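All remarks here apply to the structure that follows.
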Amino acid sequence: MAFPPIPDLNEPLRSWHARVFLSSTFRDMDEERTQLVAHTFPKLRVIARERGVELTEVDLRWGITEKEAHTGKTLRICLNEIDECRKRSGTLPFFIGLVGARYGWVPSLNDVDEETLDKIPEVRDYMEKGLSVTEMEFMHGVLADMRHEQSWFFLRHPEFTEKLRSEHPEIKYTDDADNTLDPSQALTAKLKLVELCERLRKDRQNRHAPQIYSSVIELEQRVIDAFRAFLDSNYPILDRPTSEHDVALFDKTSTRIFKQRLDHVEFAHTRLDLHIGGENLIRNIELLVTHHRRILICSEAGNGKTALMANYIKHIQKNHPDINMIYHFCGGARDSSNLDEMLSRLILEIQAFSGIDFDIPKDSAELPGAFRGVLARIPREKQVILLLDALDQLDSIEGMRWWPGELSENVSLIASTRTASDSDSVEDKVRLSQIMDFTISAGAETFTLKGLYVEDRKVMIRELLKGISKNVEEDLLEEIAMYKEAQ
């Protein structure tokens, strides 16, 4: 059974989670929104998961009244959510715009709070141009940055609008039906809507040109076709198993693995640039692993254990691509410090590359034995390194019953923990001591990571500040690096 391998840290971080913002006017688009959210996106999720991609739709208008939608706070939430969708989706699609026969609400400066104007300065420019909230979303999400490859627009056919008007006369499907607008305002809205549609056609004539639909079913098919074409070009379908048994295991395992795996991959990438000490430390770890299949890396907090672990993964993936690397950063992802979640995830990852059929126990007390059992069943031809960072952050060590007493020659386990400091409570000192004592007594070889030299600490501080576009004077940098807590 062929699951995709764990992403290579030597390659740029690739997006595997599409978070798609759905933008349109409000009540006049209820038919389309209902179809997309209730029917289309569930189908898209199936298509996406065949490629290892997770998909989430964001429809902020659901559960918001018309009055609430006409506030500056809601506008700020919408624009911020578009930014979040763009950020999380990376190179994946993140925006769908729907256009009917309404231009939509045009706010005045009195409708928008100062916080929105301060935090999103372009809103003031949008308002001076008399843009509706919907066009603001289009501008903020796509048109201002020309992000054509990651967005689609769909235009409702006028005949479909007329059909909806006859079926739902209580809903205002056009601006001239809005009794809050005088004839001049309604005409202005109509002209602005025409200009918007023309701009969509002109700006996007060769890439993802806006598509016209005449029913919600046709809209659904056009959305599915657009996503499928994008994914076919960028995210090939995974090799799906053929046997009934393996199909069931694939479906049961894949979604959970992808969600958890992405969090750990993203966290590992954040630590790659913080590695101080060069290749020597990595070579030392690599040498230890050849002689001892269970390694415990220990040091005081802040000495770079996690960065070392991330860079070790990168090194192995580059130089030993035949080795299956499975890694888990306690505290680095959602629920990653929960012992049960960690053991369940590790079992799933082992299943993913080995094809072992193994039901994860529902009883927490059975998980440690299940984990040891799955380790023992890894096929001998599979080379495996399990890397577990920051055992000290686990919410329960359960007497470390899950730690394997013996490992096959094709399996190695590398873990890390911090050592106790004077500032730790008695309880924490006992806990840290238990981790050390149990793993060592169970055969783990320790590798102590020493504190950084002043110059190394200065390099790390510079790298951290560079990540947030900041810098400090040399004398202040020296003072920070010499500070006792930085050691």
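The values are calculated or read from the model by the stated rules, or taken from the named source; none is laboratory data. The shown structure was predicted, so the numbers you read here are calculated from the model rather than taken from an experiment. Please note: Cβ atoms are built from the backbone with ideal geometry, for glycine as well, and neighbour counts cover all protein chains shown. Please note that ligands, DNA and RNA were not included when accessible areas were found on the heavy atoms of the full protein model with its side chains. Shrake-Rupley method; radii C 1.70, N 1.55, O 1.52, S 1.80 Å.
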Taking placed amide H atoms and a strict 5 Å upper bound, the residues 5 or more places from Ile414 or on another chain that come that close are Ile295, Leu386, Leu387, Leu388
Once Lys and Arg are counted +1 and Asp and Glu -1 for all other residues with Cβ under 12 Å from that of Ile285, the total becomes -1
At the level of C-alpha centres, the distance separating the stretch 364-382 and the stretch 320-363, in angstrom, is 11
SASA check, Ile217, accessible area w/ 1.4 Å probe, all protein chains in place, rounded to nearest 10 Å², comes out at 110
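Could you calculate the FRET efficiency of Asp395 with Leu476 from 1/(1 + (r/R0)^6), where r is the beta carbon distance between them and R0 is 51 Å, rounded to 0.05? Before the final figure, lay out the partial values.
Working: r = 38 Å, r/R0 = 0.74.
Calculated value: 0.85.
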Per DSSP, the loop-located GluC sites (Glu not before Pro) within the stretch 308-404 having at most 13 other beta carbons within 10 Å are Glu381
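Filter the GluC sites (Glu not before Pro) in the stretch 167-201 to those in DSSP coil with at most 13 other Cβ atoms within 10 Å of their Cβ, and list the result.
Numbers: sites: Glu167, Glu170, Glu195, Glu198; in loops: Glu170.
Taking the stretch 167-201 and a limit of 13 other Cβ atoms within 10 Å, the loop GluC sites (Glu not before Pro) found are Glu170.
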Applying the gyration tensor rule to the Cα atoms of the stretch 85-165 (axes a ≥ b ≥ c; rounded if a/c under 1.5, else prolate if a/b exceeds b/c, else oblate), the class is oblate
So, over other residues within a Cβ distance under 14 Å of Thr448, counting Lys, Arg +1 and Asp, Glu -1, the net charge is +1
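Carbon and sulfur: what percent of the stretch 103-146's accessible surface (1.4 Å probe)?
Numbers: 940 of 2000 Å².
Its accessible area is 47 percent carbon and sulfur atoms.
Give the shape of the stretch 15-172 as rounded, prolate or oblate, defined through the alpha-carbon gyration tensor: a ≥ b ≥ c are the square roots of its eigenvalues, a/c under 1.5 means rounded, and otherwise the shape is prolate if a/b is larger than b/c and oblate if not.
On the way: a/c = 1.86, a/b = 1.11, b/c = 1.68.
Cα axes put the stretch 15-172 in the oblate bin.
Say the cut-off is 20 Å between C-alpha atoms; which of Lys129/Lys192; Lys305/Lys458; Lys129/Lys190; Lys87/Lys192 go over it? Intermediate values should be presented prior to the final figure.
Details: Lys129/Lys192 11 Å; Lys305/Lys458 17 Å; Lys129/Lys190 15 Å; Lys87/Lys192 30 Å.
Check vs 20 Å cut-off fails for Lys87/Lys192.
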Residues whose modelled amide H sits under 5 Å from the amide H of Thr419, counting only those 5 or more places away in sequence or on another chain, are Ser299, Glu300, Ala301
Largest-first ranking of Lys73, Lys362, Lys314 by accessible area, probe 1.4 Å, whole protein assembly kept, is Lys362, Lys73, Lys314
For His17, the residues 5 or more places away or on another chain with a placed amide H closer than 5 Å to its own amide H are Glu54
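Can you check what the net charge comes to around Lys87, using other residues whose Cβ is under 11 Å from the Cβ of Lys87 (Lys, Arg +1; Asp, Glu -1)?
On the way: positive: Arg19, Arg86, Arg88; negative: Glu81, Asp83, Glu84.
Neighbourhood net charge equals 0.
Give the shape of the stretch 295-415 as rounded, prolate or oblate, defined through the alpha-carbon gyration tensor: a ≥ b ≥ c are the square roots of its eigenvalues, a/c under 1.5 means rounded, and otherwise the shape is prolate if a/b is larger than b/c and oblate if not. Walk me through the numbers before you get to the answer.
Working: a/c = 1.74, a/b = 1.08, b/c = 1.62.
In terms of gyration-tensor shape, oblate.
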By accessible area (1.4 Å), largest first, Arg156, Arg86 order as Arg86, Arg156
Probe 1.4 Å, all chains present, heavy atoms only: His140 accessible area in Å², nearest 10, is 20
